[in-house]
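These notes concern the structure reproduced below.
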Amino acid sequence: MQEYSTIAAVDLGSNSFRLQVARVVGDQVYPLDSLREAVRLGAGLTTDKLLDEDSQERALACLRLFGERLRGLPPHAVRVVGTNTFRVAKNAAQFLRKAEEALGFPVEVVAGREEARLIYLGVSHELPAISGKRLVVDIGGGSTEFIIGHHLTPRHMESLYMGCVSFSRRFFPDGKITRAAINRAEIAVRTEVQTIAAEFRKGNWDEAVGSSGTARALSDVLEQRGYTVSGITAEGLDALREELLRIGDSKKLAAHGVRPDRIPVLPGGFAIMAGLFAELEIQQMRVSDSAMREGVLYDLIGRFSHQDMRDITVRQFMQRYQVDGAQARRVEQMAHQFMSSFSSRYAPDQYEEMEQHLGWAASLHELGISIAHSGYHRHGAYIIENADMPGFSRTEQRYVGFLIRAQRGNLVKACEYMANVSDWCPVVALRLSVLFCRNRMDSDLPVLGLQIAEKTFALSLPKGWLKANPLTENALQAEVKAWQAIGIRFELK
């Protein structure tokens with residue numbers, strides 16, 4: 001992937017949308033510009049898990065502003081990441097189309113553990129290294145991420161569905177802060193955290209770090225009140241709890257030094273922090289100014305310098321599921337050769353992206369054999385679509401899974417993903433590669449030509465070759481019928 005001197009990350013959180021533009025010097029990023037809007041997208045989720053019109057309009061207005069700032073940057077120099085609200089909203093797909101149009105860049109919806117990985121990447125690059133392990137906690141608007149890592153490497157990652165927006169709406173809907181409401185909220189937090197407490201409790205790490213808005217807001221309030229000298233402490237939270245109870249109403253927090261954009265979500269954020277302090281036996285937590293958007297920037301740098309986390313994940317999956325590496329390489333090489341026949345149909349950036357996805361699918365195309373040989377393409381696709389895959393967005397996982405599922409057999413169900421014949425090019429490249437490499441040997445194949453015209457694919461072979469290879473001829477005739485069933489001609493010449 002081409003390197004860029006200026007890159008940008010957009011974090012579409014459940015509470016705030018954030019834009020960070022940075023300059024790249026070597027392996028470091030230096031901030032150039034940042035924007036933040038308290039969109040509170042998560043507050044627009046109805047009881048039916050649908051984003052209401054008001055929250056969508058707030059979000060789109062913000063994205064238009066961000067789009068103006070990003071205008072002119074190359075597509076691969078910008079990464080836009082959607083988090084928990086995009087994961088749970090039933091109408092997220094429809095909203096994403098409008099969001100991408102407003103912003104001018106594609107939006108990647110990431111899984112909770114991928115969000116956790118990116119958060120740790122941002123925090124670990126900001127803070128000085130320690131000899132031991134760090135616990136990083138990020139309380140977002142709709143979810144809370146927990147990571148234990150050493151230096152720049154995350155070791156354990158979890159994401160729980162509890163955030164400052166959702167908990168403020170659930171336990172403090174009218175803004176009233178009562179002891180009963182705080183107790184209910186903290187019990188709910190501790191109940192959730194119990195599922196991961198054994199792995200994340202004190203004794204498994206040497207330093208606790210809080211990132212993102214809730215941790216910074218609580219730290220600011222505690223320091224202003226003199227409850228702590230720096231960061232967050234258990235004693236400081238106890239003192240703040242009593243002060244919140246004396247105030248009794250979140251609407252009065254402005255007079256006590258709380259930023260206006262944090263007022264609606266501070267009660268829920270406080271309850272989550274207090275609950276996890278108690279359950280994980282945290283006594284003190286330092287606060288980091290870096291979070292996921294910085295992690296996204298460093299992840300982009302990794303992609304430029306051929307340290308793409310997605311490539312690492314693919315290699316790990318090949319090892320975990322005992323994929324035949326030699327066969328995967330054969331299929332991948334041939335798939336790239338076939339795909340090169342279609343390069344003129346795409347813009348350079350689009351072609352590079354399709355080549356990447358095709359390469360990952362080819363490397364993992366036999367993943368499902370570890371489960372069962374029968375229907376292995378379906379088993380492999382299911383794993384890819386549902387597993388935690390560091391570096392991958394959910395959209396990327398679905399597309400790679402789609403290619404793996406479409407490598408053989410019926411193509412009718414695949415039609416719903418295809419808008420035009422060009423969309424089928426990676427599919428035909430992978431299917432033919434799997435077909436021609438079926439003998440699992442490094443045998444010499446003839447020169448093969450592959451062309452596309454309107455709704456027709458044409459495969460050219462040397463005269464007489466098919467008669468000398470009846471098994472391959474039989475497989476190619478079946479391929480002709482498979483494409484014919486979806487209204488596309490596949491010709492043998």
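Laboratory data are not the source of any read-out in this text; all were calculated from the coordinates shown. Every value quoted in this text rests on a predicted model; they were computed, and no experiment measured them. Cβ sites come from the backbone with ideal geometry, for glycine too, and all protein chains shown count toward neighbours.
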Q) Fully extended, how many nm does the chain gain between residue 455 and residue 386 (0.36 nm per residue separation, minus their Cα-Cα distance)? A) 21.6 nm
**Q.** Additional length obtainable on full extension of the chain from residue 447 to residue 467, 0.36 nm per residue less Cα span
**A.** 5.6 nm
**Q.** Structure-based [θ]222 nm, the chain - -39500 (n - 2.57) summed over DSSP H runs of at least 4, per residue, nearest 500
**A.** -14500 deg cm²/dmol
Q) Based on the alpha carbon coordinates of the chain, what radius of gyration and maximum Cα-Cα distance (Dmax) apply, in Å? A) 25.7, 90
Q.
At 7 Å along Cα-to-Cβ for each site, give me the label-to-label distance between residue 239 and residue 199 in nm.
A. 3.6
Q) Cα-Cα over 31 Å: which of 49/413; 98/176; 49/176? A) 98/176
**Q.** 3J(HN,Hα) from dihedral phi, segment 384-401, Karplus parametrisation 6.51/-1.76/1.60, rounded to Hz, x for glycine, proline
**A.** 4, 6, 10, 7, 7, 10, x, x, 8, 7, 5, 4, 5, 4, 4, 6, 4, x
Q. Hey, what did the chain get for relative contact order, percent, Cα under 8 Å, at least 6 apart?
A. 13
Q.
Going by average Cβ density within 10 Å per residue, which order do the peptides 135-146, 281-292, 405-416 take, highest to lowest?
A. 135-146, 281-292, 405-416
Q. Under the classification rounded if a/c is under 1.5, otherwise prolate if a/b is larger than b/c and oblate if not, where does segment 128-289 fall, given a ≥ b ≥ c as square roots of the Cα gyration tensor eigenvalues?
A. prolate
**Q.** Residue-by-residue Karplus 3J(HN,Hα) for segment 182-194, coefficients 6.51, -1.76, 1.60, Hz, glycine and proline x
**A.** 4, 4, 4, 5, 5, 5, 4, 4, 5, 5, 5, 5, 4
Q: Go through 366-377, 446-457 and give me the packing order, highest mean Cβ count within 10 Å leading.
A: 366-377, 446-457
Q.
From the phi angles alone, apply the Karplus equation (6.51, -1.76, 1.60; θ = phi - 60°) to segment 461-478 and give each ³J(HN,Hα) in whole Hz, x where the residue is Gly or Pro.
A. 10, x, 4, x, 5, 5, 5, 7, 9, x, 5, 5, 4, 4, 5, 5, 5, 5
Q) At a Förster radius of 25 Å, what calculated FRET efficiency corresponds to the Cβ-Cβ distance of residue 256 and residue 174, to the nearest 0.05? A) 0.85
Q) What angle, in degrees between 0 and 90 and rounded to the nearest 10, separates the Cα long axis of helix 92-103 from the longest principal axis of the Cα atoms of the chain? A) 90
Q. Which order do peptides 79-92, 326-339, 477-490 fall in by mean Cβ count within 10 Å, highest first?
A. 79-92, 326-339, 477-490
Q | With Cα atoms, 0 to 90° folded angle of helix 212-225 axis to the chain main axis | A | 10
